[in-house]
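A quick write-up on the structure given underneath.
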Amino acid sequence: MIPDLGRYTLEVSLAYVVSLGLIGVLAFFYWLRGRSVKRQLAEIETGRGKNG
Amino acid sequence: MASFWEYANPLKFMRVTDWLLPIVAVAAVVVTATGLIWGFFFTPDDFRQGATVKIVFLHVPAAMMAINVWVMMLVASLIWLIRRHHVSALAAKAAAPIGLTMTLIGLITGAVWGQPMWGTWWAWDPRLTSFLILFLFYLGYIALWAAIDDPDTGADLTAVLCLVGSVFAVLSRYAALFWNQGLHQGASLSVQPGTRMDWAYKAPLYTCMLGFGLVFLALLLAGTRTEIRARRMKALVARERMA
């Protein structure tokens, strides 16, 4: 199934692994920060609601 | 019909993106995966470049997005400077790490392709150099946002930096046309007749370009939502301290 990349196996594989890895890390970072900020805001808004 | 400026209202933006974001995210994954699988597994080797031609499916969309993200940041910054819509400033802020990543992918894949094809990882070619400067501008833009506590001052100063950096975004796009002495070839895709790329490569490449565009849009919407929430959180904390 994997195509024969001949003598460029390392270069092509490296390009795909690094690029997809970077996009994956970026997406994970956005998701993680989004979740953290959403939770913190909910806590603050709940606290405000309780305090009137 | 709703005016475009209605989406400058954070509440309206959050409401619309609440249902739009999952759709864009799924489309981004599906289209990008389709394009990359098509390009990697089902395209033939080039008669000169061999299998390294498969790097084009990452390099061209990433390089295209690196420039387009900066142009989007420029438009958002101008909207902020002229109309003072907070969502536009926060969208520009959310876009910067995506642009930085796309520029880095463009530089890395270019170097990995250049080593076997040009015999060097790097050359001080006009397009490569202007791309490196664009990368540094992205870093500076992100650092400037992080360095300033007041969000409005941060938005003002980063908008000005964005205007200055736009020169390099334009240079990155047209460097290969302005100067002919560089190693980097001209545009891979062109609307001019006689374009050199075969459809066997062009079709998956267009799919990847669309996919990368959708990845950007999904991350931009997610990032802007986070920035809106972070700004509200900051405002609430400041208000409580004042009380």
Problem set entry | Of the criteria (1) under 12 Å from the mean Cα position of the chain (by Cα); (2) open to solvent by 10 Å² or more (accessible area, probe 1.4 Å); (3) touching a residue at least 60 places away in the same chain (Cβ under 8 Å), which one residue B:61 fails | (2)
Exercise. Residues in the stretch A:21-32: is at least one more than 7 Å from chain B (Cβ to nearest Cβ), open to solvent by 60 Å² or more (accessible area, probe 1.4 Å) and either under 14 Å from residue B:54 (Cβ atoms) or of a type in the set (D, E, K, R) (or both)?
Worked result: no
For this session: Provide a single number: the residues in the stretch B:188-219 that are over 20 Å from residue A:39 (Cα atoms) and modelled with pLDDT of 85 or more.
Result: 21
Exercise. Of these, B:123, B:66, which one is crowded, with 19+ Cβ neighbours inside 10 Å and touching a helix residue (DSSP H, G or I) at 6+ places or on another chain (Cβ under 8 Å)?
Worked result: B:66
Exercise. In this structure, is residue B:207 open to solvent by less than 50 Å² (accessible area, probe 1.4 Å), more than 22 Å from residue B:18 (Cα to Cα) and either hydrophobic (A, V, I, L, M, F, W, C) or touching a helix residue (DSSP H, G or I) at 6+ places or on another chain (Cβ under 7 Å) (or both)?
Worked result: yes
Exercise. What's the number of the condition residue B:92 fails, among (1) away from chain A (no Cβ under 12 Å); (2) hydrophobic (A, V, I, L, M, F, W, C); (3) open to solvent by 20 Å² or more (accessible area, probe 1.4 Å)?
Worked result: (3)
Exercise. Taking the stretch B:39-52 as the search range and keeping residues that are hydrophobic (A, V, I, L, M, F, W, C) and touching a helix residue (DSSP H, G or I) at 6+ places or on another chain (Cβ under 7 Å), which one is farthest from the other protein chains (Cβ to nearest Cβ)?
Worked result: B:40
Exercise. Of everything in the stretch B:206-220 that's in contact with a Ser or Thr (Cβ under 8 Å, 6 or more places away or on another chain) and within 10 Å of chain A (Cβ to nearest Cβ), which residue is farthest from residue A:16 (Cα to Cα)?
Worked result: B:215
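The values are calculated or read from the model by the stated rules, or taken from the named source; none is laboratory data. These figures come from a predicted structure and were not determined experimentally. So basically every Cβ, Gly included, is an ideal-geometry build from the backbone, and we count neighbours across all protein chains shown. Please note that ligands, DNA and RNA were not included when accessible areas were found on the heavy atoms of the full protein model with its side chains. Shrake-Rupley method; radii C 1.70, N 1.55, O 1.52, S 1.80 Å.
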